[in-house]
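Chemist: Here it is, the structure in full.
What follows is calculated from the coordinates using simple rules that are stated; it is not laboratory data. Given the structure is predicted, the values throughout are model-derived calculations rather than measurements. Please note: Cβ atoms are built from the backbone with ideal geometry, for glycine as well, and neighbour counts cover all protein chains shown.
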Amino acid sequence: MALWGGRFEDGVATSTQEFGASLPVDKHLYRQDIAGSRAHAAMLAAQGIISEQDAEAIRAGLAGIEADIDAGAFTFDIDDEDIHMAIEAELTRRIGEAGGRLHTGRSRNDQVATDTRLAAKALCSELMAANLRLRRALVEAAKSDGDAVLPGMTHLQHAQPVLFAHHLLAYAWMFSRDFARLHAAFDAADASPLGAAALAGTTYPLDRAMTAAELGFSRIIENSLDAVSDRDFLLDLHYAGSVTSVHLSRLAEEIVLWSSQEFGFIVLSDAYSTGSSIMPQKKNPDFAELIRGKSGRVFGNLVQLLVTCKGLPLAYNKDLQEDKEGALDTARTLVQCMDVMAGMVSTWTVRPDRMRACMDRGHLAATDVADYLAKRGMPFREAHAVVGHLVLAAEKRGCDISELPIEELRAASDLFGDDIEGALDIDAIVAARTTRGGTAPSAVAEQLAKVEGGIADDSATFGGLSPVVEMGRN
Ligand code: ARG
């Protein structure tokens, strides 16, 4: 039953009733809606706007509704347009007249903005928790195969050898930046719109600071028009999620490559692979592919909300009802993606032998051979050209530069001595890159300590944040 009956002679058409409803989506915000109403009713009583008895009846009635929805014992009436109307109507059915006083000095416009902000905080918290789980899994994977060396690539061509741990930690850094973006999105949501009413504030002596504190908001939105129409905090969530998705997708792509017959650098555990219904030999990296594929959905949700918001005049417009589905979807999708990714990297088998075997092709030592000459006085540009010719000679012989006979090197430059072996050895090449942030084991150990320090700092930050109202289970 619509809440605006007075002004209308007829009900809406069945088709528009269904078209206009948001209940199938916003029913997932029932806890946020009930928390907002509880805080609003307590404030109305504290300000003498409704009686203590009415506030108590409202509090008890809302508690009963919440328990029923939590227990899955609540049937939503499909005629209710949204969660706000569904709960208010049920409250009035249960407690009578007091239920009709709940909406005093409030509009669904500030109500929905409040619910959505509380939900955004809860979703950001879930994403931050999953982010920390994934980073810990990457660190453990980096530690357990810390000394494996793989061909580092640019343009997907062999470039220089790098530690596998170094490669994995690059992803840990990406996800650490995602945590900062999620934290910023949490902070953007952390401001109370409640008390803005429809758009202009109200004539009742509301205490906005009281409801904000009750709901765990760190501040109040200072402009009532902005309060009911701002959805930037969801855009922030979508952007943080989209960048996370880029990172997940890149790692997923590497996993697809690494688990192929051509690379063979890792073997995924059976728990993170699937077979084929026709080809008995297949072991497919389906879940890595799916993580890569889910990025389309996550980016789509960002673009959807950008487009929804871009043409809206102030203040609330019904278009904004399109804001919640994508946010819920993005959060749910990414928590799953991060947890599946964490499981995948925790259970794979790394094949350092396969990584090593593929490094006898691709001239990974070329830069170090040029550096060898440059360190003995040859201008680097000239050394680059000399080594370029040696690579060409090796290609013509069908061998790697490290396999050329020493005489051939000497013929190219008399600076080559017996100690050239050191510039051709993969482990020596890796160990020599001791620059801060470089791939030498010593530098990677220092980096690892920083990554772990960042995880500890972010865990502490996370421990200090409370969404106050968790997403409901139903
Ligand atoms: N279901 C609406 C939404 O999600 C609630 C706010 C409706 N306000 C209004 N003036 N129609 O945005």
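Chemist: Taking amide H positions as placed 1.01 Å from N in the peptide plane, with prolines and chain starts having none, which residues 5 or more places from residue 192, or on another chain, fall under 5 Å of its amide H?
Modeler: 219, 220, 221
Chemist: Now for a separate question. Given R₀ = 22 Å, FRET efficiency for residue 51-residue 225 by Cβ-Cβ distance, to 0.05?
Modeler: With R0 = 22 Å, the Cβ-Cβ based efficiency is 0.10.
Chemist: Let me ask something else about it. How many nm separate the modelled label positions at residue 129 and residue 449, each set 7 Å beyond the Cα in the direction of the Cβ?
Modeler: According to this spin-label approximation, the distance is 3.2 nm.
Chemist: Taking +1 at the Cβ of each Lys and Arg and -1 at the Cβ of each Asp and Glu, which of 53, 39, 63 sits farthest along the dipole of the range 24-70 towards its positive end, judged by Cα position relative to the Cα centre?
Modeler: Value computed over the given set: 39.
Chemist: For helix 83-95, report the angle its Cα long axis makes with the longest principal axis of the Cα atoms of the chain; keep it between 0 and 90° and round to the nearest 10°.
Modeler: Taking Cα atoms only, the helix is inclined about 40 degrees.
Chemist: Tell me, what HN-Hα J-couplings in whole Hz come from the Karplus equation 6.51 cos²θ - 1.76 cosθ + 1.60 at θ = phi - 60° for each residue of the range 149-158, using x for Gly and Pro?
Modeler: Working through the residues one at a time gives 10, 10, x, x, 10, 10, 6, 6, 10, 3 Hz.
Chemist: Hey, another quick one. Which order do 323, 427 fall in if you start with the one that has the fewest other Cβ atoms within 10 Å?
Modeler: Numbers: 323 22, 427 12.
By the 10 Å Cβ count, ascending, the order reads 427, 323.
Chemist: Just order 56-63, 364-371, 276-283 by mean Cβ neighbour count inside 10 Å, highest at the front, would you? Provide the component values of the computation, followed by the final result.
Modeler: Numbers: 56-63: 18.9, 364-371: 22.5, 276-283: 8.5.
Ranked by mean Cβ neighbours within 10 Å, highest first: 364-371, 56-63, 276-283.
Chemist: Once Lys and Arg get +1 and Asp and Glu get -1 on their Cβ, which of 24, 333, 442 lies farthest toward the positive end of the dipole of the chain?
Modeler: 442
Chemist: Right, something else. Enumerate the amide H contacts of residue 152 below 5 Å, restricted to partners 5 or more residues apart or on another chain; note that Pro and chain-start residues carry no placed amide H.
Modeler: Counting only residues 5 or more places away or on other chains, the set is 159, 160, 162.
Chemist: Using the alpha-carbon atoms, what tilt in degrees (0 to 90, nearest 10) does helix 164-189 show relative to the longest principal axis of the chain?
Modeler: The angle comes out at about 20 degrees.
Chemist: Using only Cα atoms, what is the ratio of the radius of gyration of the range 2-106 to 2.2 N^0.38 Å?
Modeler: With N residues counted in the range 2-106, Rg over 2.2 N^0.38 Å equals 1.10.
Chemist: Ok, one more. Give me the one-decimal nm value for the distance between modelled label points at residue 204 and residue 246, 7 Å along each residue's Cα-to-Cβ direction.
Modeler: 4.6 nm
Chemist: Let me make sure I get this right: for the range 6-51, a, b and c are the square roots of the gyration tensor eigenvalues over alpha carbons, sorted descending. Under 1.5 in a/c it's rounded, otherwise prolate if a/b > b/c, else oblate. Which is it?
Modeler: oblate
Chemist: What share of the DSSP beta bridges in the chain is antiparallel, in percent to the nearest 5?
Modeler: 80 percent
Chemist: Nearest 0.05, what FRET efficiency do residue 303 and residue 419 give at R0 = 60 Å with Cβ-Cβ as r?
Modeler: After rounding, the FRET efficiency stands at 0.55.
Chemist: What does the helix-only formula give at 222 nm for the chain: each DSSP H stretch with n ≥ 4 adding -39500 (n - 2.57), the total divided by the residues, and the result rounded to the nearest 500 deg cm²/dmol? Walk me through the numbers on the way to the answer.
Modeler: Working: 20 runs with 291 residues, N = 474.
Result for the chain: -20000 deg cm²/dmol, rounded to the nearest 500.
Chemist: Test of understanding: ordering 186, 263 by Cβ neighbours within 10 Å, fewest first, what list do you get?
Modeler: Taking fewest neighbouring Cβ atoms as first place, the list is 263, 186.
Chemist: Ok, one more. Label point 7 Å out from residue 290 along Cα-to-Cβ: which residues of the range 332-364 have amide N under 19 Å?
Modeler: Counting backbone N atoms under 19 Å from the label point, the list is 332-348.
Chemist: Okay, moving on. Got a sec to turn the phi values of the range 130-146 into Karplus ³J(HN,Hα) couplings, 6.51 cos²θ - 1.76 cosθ + 1.60 with θ = phi - 60°, whole Hz, x for Gly and Pro?
Modeler: 5, 4, 5, 4, 5, 5, 5, 5, 5, 5, 4, 5, 5, 6, 6, 10, x
Chemist: Under a point spin-label approximation (7 Å from Cα along Cα-to-Cβ), what is the residue 274-residue 408 distance to one decimal in nm?
Modeler: Calculated label separation equals 4.8 nm.
Chemist: Once both axes come from the Cα atoms, what is the angle between helix 366-375 and the longest principal axis of the chain, in degrees from 0 to 90, rounded to 10?
Modeler: Its long axis makes an angle of about 70 degrees.
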